[in-house]
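Some notes on the structure that comes next.
The values are calculated or read from the model by the stated rules, or taken from the named source; none is laboratory data. Remember, predicted model here, so these are calculated numbers, not experimental data. Quick reminder, even Gly has a Cβ in these numbers, built from the backbone with ideal geometry, and neighbours come from all protein chains shown. These area figures cover heavy atoms from the full protein model, side chains too; ligands, DNA and RNA do not enter into them. Shrake-Rupley method; radii C 1.70, N 1.55, O 1.52, S 1.80 Å.
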Amino acid sequence: VLDKDHYNLKEAKERIVEFLAVRKLKKDTKGPIICFVGPPGVGKTSLGKSIAKALNRKFARFSIGGIRDEAEIRGHRRTYIGSMPGRIIQLLKEAGTMNPVIMLDEIDKMGQDMMHGDPASALLEALDPEQNNAFTDHYLDIKFDLSKIMFILTANTTYQIPEALLDRLEVIEIPGYIADEKVKIARKYLMPRQLAENGLDRSDLQIPNNTIMSIIENYTDESGLRELERKIATICRKTARKVAEKHTEIKKMIQPKDLTSYLGVPKEFSLTAGKKDEIGVV
């Protein structure tokens with residue numbers, strides 16, 4: 001499942017498979033909390049979905065970025081108007097099972113507010129395998145067992161994650177992709193997805209490798225793949241319009257020289273130092 005959904009990411013996949021192997025041999029193991037760290041658009045969230053699929057478990061996701069109220073994690077006391085359980089209990093209810101895979105996205109963008117407590121500290125109790133078998137939600141007001149949940153966290157960088165929380169996480173670095181890998185991912189995953197989303201067939205449009213490389217070098221500047229997918233989507237949309245309008249002249253094979261008519265003028269320029277020494281060029 002992991003290989004089908006993601007290209008490369010060898011280290012991350014190996015670690016996940018090891019984790020699952022231990023779970024298989026020892027059912028009641030207190031698993032570590034995995035935290036994927038890497039630049040935007042490299043596939044951290046979708047890796048979480050793949051894990052849930054591989055485990056055949058329900059998947060629930062909650063973006064924690066910007067949360068600054070402890071009650072979001074722990075629930076409100078029932079005396080307040082509009083009080084409700086914390087998000088973790090809500091996600092369990094949503095999943096309808098005690099052992100889902102819960103993904104907490106953007107853990108490094110959690111806010112802090114002197115008025116409403118510290119959500120990072122509330123998360124400690126929910127995530128820590130030593131104490132989450134007796135998690136107390138203020139709304140439920142009884143001890144609740146979260147130890148069967150598999151928590152996966154994602155972050156762009158580790159330096160904004162509070163130290164006490166980082167101490168409990170097993171960080172798996174997901175690096176950005178190099179250009180060759182991006183070409184392969186575009187060919188294997190992005191192109192088929194965009195063709196399907198824009199109602200096209202392979203016979204309607206083909207983008208060869210040298211054109212994809214040209215898009216990467218001249219139109220995107222990123223570690224992940226979001227911008228590349230957007231550019232491919234733009235080409236697909238323009239082709240879909242021509243197909244829908246029944247144009248007689250539809251270009252099916254896009255060459256690098258055609259890109260300006262689809263994507264406009266190149267936006268990125270790779271700066272290389274010249275052959276001779278110049279001031280201010282490294």
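Largest first, please: the extent of the C-alpha atoms of region 12-95 along each principal axis, to the nearest Å.
The Cα atoms of region 12-95 stretch 47, 33, 19 Å along the principal axes, largest first.
For residue 255 and residue 203, what is the calculated FRET efficiency with R₀ set at 25 Å and r taken between the beta-carbons, to the nearest 0.05?
Details: r = 18 Å, r/R0 = 0.70.
Efficiency, rounded to the nearest 0.05: 0.90.
Scale the Cα Rg of the chain by the rule-of-thumb value 2.2 N^0.38 Å and send over the ratio, two decimals.
Expressed relative to 2.2 N^0.38 Å, the Cα Rg reads 1.24.
In Å, what Rg and Dmax follow from the Cα atoms of region 103-262?
That works out to 23.3, 69 Å for Rg and Dmax.
Please give the length that would be gained between residue 98 and residue 53 if that part of the chain were fully extended, namely 0.36 nm times their separation in residues minus their C-alpha to C-alpha distance (nm, one decimal).
14.6 nm
Can you put 6, 138 in order of accessible area, largest first, using a 1.4 Å probe?
Sorted descending by solvent-accessible area, the residues read 138, 6.
Give me the percent of DSSP beta bridges within the chain that run antiparallel, rounded to the nearest 5.
10
Can you work out the accessible area per residue across region 31-188, with the rest of the protein chains kept in place, probe 1.4 Å, in square angstrom? Working shown, then result.
Values: 7630 Å² over 158 residues.
Heavy-atom SASA per residue in region 31-188 reads 48 Å².
Compare the peptides 127-137, 149-159, 206-216 by average per-residue count of other Cβ atoms within 10 angstrom and give them in order, highest first. If you can, show how the numbers build up before the last one.
Working: 127-137: 17.0, 149-159: 20.1, 206-216: 18.5.
Taking the mean over residues of other Cβ atoms within 10 Å, the ranking is 149-159, 206-216, 127-137.
Expressed as a whole percentage, what fraction of the accessible surface of the chain belongs to carbon and sulfur atoms when a 1.4 Å probe is rolled over the protein heavy atoms?
Here it works out to 51 percent.
For a 24 Å ceiling on Cα separation, which of these pairs sit above it: 44/251; 27/53; 26/93; 44/242; 58/184; 182/246?
Correct reply: 44/251; 26/93; 44/242; 58/184; 182/246.
Per q in 0.09, 0.14 Å⁻¹, report the Debye log10 I(q)/I(0) for region 64-188, using one uniform scatterer on each alpha carbon and no solvent.
These q points yield log10 I(q)/I(0) values of -0.31, -0.66.
Measure off 7 Å from each Cα along the Cα-to-Cβ vector at residue 243 and residue 116, then give the distance between these two points in nanometres to one decimal.
4.6
Please report the equivalent ellipsoid semi-axes of region 131-210, computed as sqrt(5 x eigenvalue) of the Cα gyration tensor, largest first, in whole Å.
44, 20, 9
Please work out the FRET efficiency for the pair residue 69 and residue 136, using the Cβ-Cβ distance as r and a Förster radius of 22 Å; give the result to the nearest 0.05.
0.85
By how many degrees, 0 to 90 and rounded to 10, does the Cα axis of helix 10-25 deviate from the longest principal axis of the chain?
Once rounded, the angle reads 30 degrees.
Which angle between 0 and 90 degrees, to the nearest 10, do you get for helix 209-219 versus the longest principal axis of the chain when only C-alpha atoms count?
That helix lies at roughly 70 degrees to the long axis.
At 0.36 nm per residue, minus the direct Cα-Cα distance, what do residue 81 and residue 213 gain on full extension? Give it in nm, one decimal, please.
Extra length from residue 81 to residue 213 when fully extended: 41.9 nm.
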